[in-house]
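Colleague: Below: one structure in structure tokens.
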Amino acid sequence: MDVRQSIHSDHAKQLDTAALRREFLIEKIFEADTYTLTYSHIDRIIIGGVMPVKSTVNFGDELGKQFGVSYFLERRELGVINVGGPGVIEVDGKTWEIGNQEALYVGKGARNLSFRSANPDQPAKFYYNSAPAHSTFPDKKITLQEASSTTLGDAATSNRRTINKFIVPDVLPTCQLTMGLTKLEEGSLWNTMPCHTHERRMEVYFYFDMSEETAVFHMMGKPQETRHLLVHNEQAVISPSWSIHAGVGTQRYTFIWGMVGENQVFDDMDHVKISELR
């Protein structure tokens, strides 16, 4: 388990490139036949990936012991979005077939989880976020067609994109976790600009669907103290509530966003004019 501590905004602006990457960038999400797990002190979110190839990957009771509980989801909820080949997730004996760009929400109290791929030549890549939970809501699969989708932006400003909200109150109830997938159209490079902060929620961006020589310059920091991280395929960035979170790529890309915090109001943002950025 990789543990990331909270970083104050005054501290963050003094960090050099290596330190910014160490604190906020998750460089390895998927490893064959195992899971990765990054635990952030920021709102206690967990970020990781599961890539079963030849073997089934299990979340057993031993995982919970790292968090001082009997099992992983004893006091947590989980959101999973598959960005690889078709796969299967089993939750306490119930089987869910999860295809590419499909999601599964797992409520608090699920004890035994296993992940496998339908075809080892096209392994599933289950990206997940987990947040503390106070109530139990039903497990639910969400397809791309069932997601709440909105197309925003314009080709003239290079940010034409479709936001697919998988795990949001309009689709299903959760305690605090929200997740979705945003896909940029060909020729669009910016994911969010003008940018925003939301003091009431933190966010994680997971970038994927990128070629080896494609990169995203992820903008972060206080609006008047901006920094950037250079992000490659299948890497994630932890964004504190005080930080902007926007990116521009060398080519189009897709990303998954996940948020936890005080509310689940998607439009509860503090917008920042481009003229105000520094």
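Colleague: Checking G99 against (1) within 20 Å of M179 (Cβ to Cβ); (2) crowded, with 19+ Cβ neighbours inside 10 Å, which test does it fail?
Modeller: Tallying (1) within 20 Å of M179 (Cβ to Cβ); (2) crowded, with 19+ Cβ neighbours inside 10 Å, G99 fails exactly one: (2).
Colleague: If you don't mind, there's one more thing I want to ask. Output the strands (runs of 3 or more DSSP E) that fall wholly within segment 139-240 and possess 1 or more residues being under 18 Å from the mean Cα position of the chain (by Cα) and free of Cβ contacts under 8 Å to residues at least 60 places away in the same chain, or say none.
Modeller: By residue number, 140-142, 148-152, 161-167, 201-208, 216-222, 225-231.
Colleague: Working only within segment 115-136, note down all residues that are over 20 Å from the mean Cα position of the chain (by Cα) and either farther than 18 Å from P52 by Cβ or not basic (K, R) (or both).
Modeller: Matches in segment 115-136: S117, A118, N119, P120, D121, Q122, H134, S135, T136.
Colleague: Here's something else I'd like to know. What number goes with the only condition from (1) within 29 Å of N100 (Cα to Cα); (2) in contact with a strand residue (DSSP E or B) (Cβ under 7 Å, 6 or more places away or on another chain); (3) surrounded by fewer than 16 Cβ atoms within 10 Å (Cβ to Cβ); (4) not hydrophobic (A, V, I, L, M, F, W, C) that D270 does not pass?
Modeller: Single failed check for D270: (1).
Colleague: How about segment 76-130: which of its residues are part of a strand (DSSP E or B), of a type in the set (V, I, T) and in contact (Cβ under 8 Å) with a residue 12 or more places away in the chain?
Modeller: The answer is V80, I81, V88, I89, V91, I98, V106.
Colleague: Of the residues G99, G79, G84, which single one is within 17 Å of the chain's Cα centre (by Cα) and over 19 Å from V168 (Cα atoms)?
Modeller: Checking each option against the conditions leaves just G84.
Colleague: Looking only at segment 29-48, decide whether some residue is modelled with pLDDT under 95, of a type in the set (A, V, I, L, M) and closer than 23 Å to C175 by Cβ.
Modeller: no
Yes/no per residue for (1) surrounded by fewer than 18 Cβ atoms within 10 Å (Cβ to Cβ); (2) under 26 Å from N263 (Cβ atoms); (3) modelled with pLDDT under 95; (4) among the hydroxyl-bearing types (S, T, Y):
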residue	(1), (2), (3), (4)
T178	no, yes, no, yes
F208	no, no, no, no
M219	no, yes, no, no
V231	no, no, no, no
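Colleague: Which condition number in (1) among the basic types (K, R); (2) surrounded by 18 or more Cβ atoms within 10 Å (Cβ to Cβ); (3) closer than 19 Å to T178 by Cβ is the one that R252 fails?
Modeller: Against the list (1) among the basic types (K, R); (2) surrounded by 18 or more Cβ atoms within 10 Å (Cβ to Cβ); (3) closer than 19 Å to T178 by Cβ, R252 comes up short only on (3).
Colleague: Could you please give the count of residues in segment 241-271 that are outside any strand (DSSP E or B) and at pLDDT 95 or above?
Modeller: 9
Colleague: Which count do you get for residues in segment 101-122 that are in contact with a strand residue (DSSP E or B) (Cβ under 8 Å, 6 or more places away or on another chain) and over 27 Å from S40 (Cα atoms)?
Modeller: Count: 2.
The values are calculated or read from the model by the stated rules, or taken from the named source; none is laboratory data. All figures in this text were calculated on a predicted structure; none of them were measured in a lab. For neighbour counting, all protein chains shown are included, and Cβ atoms are generated from backbone atoms with ideal geometry for every residue, glycine included.
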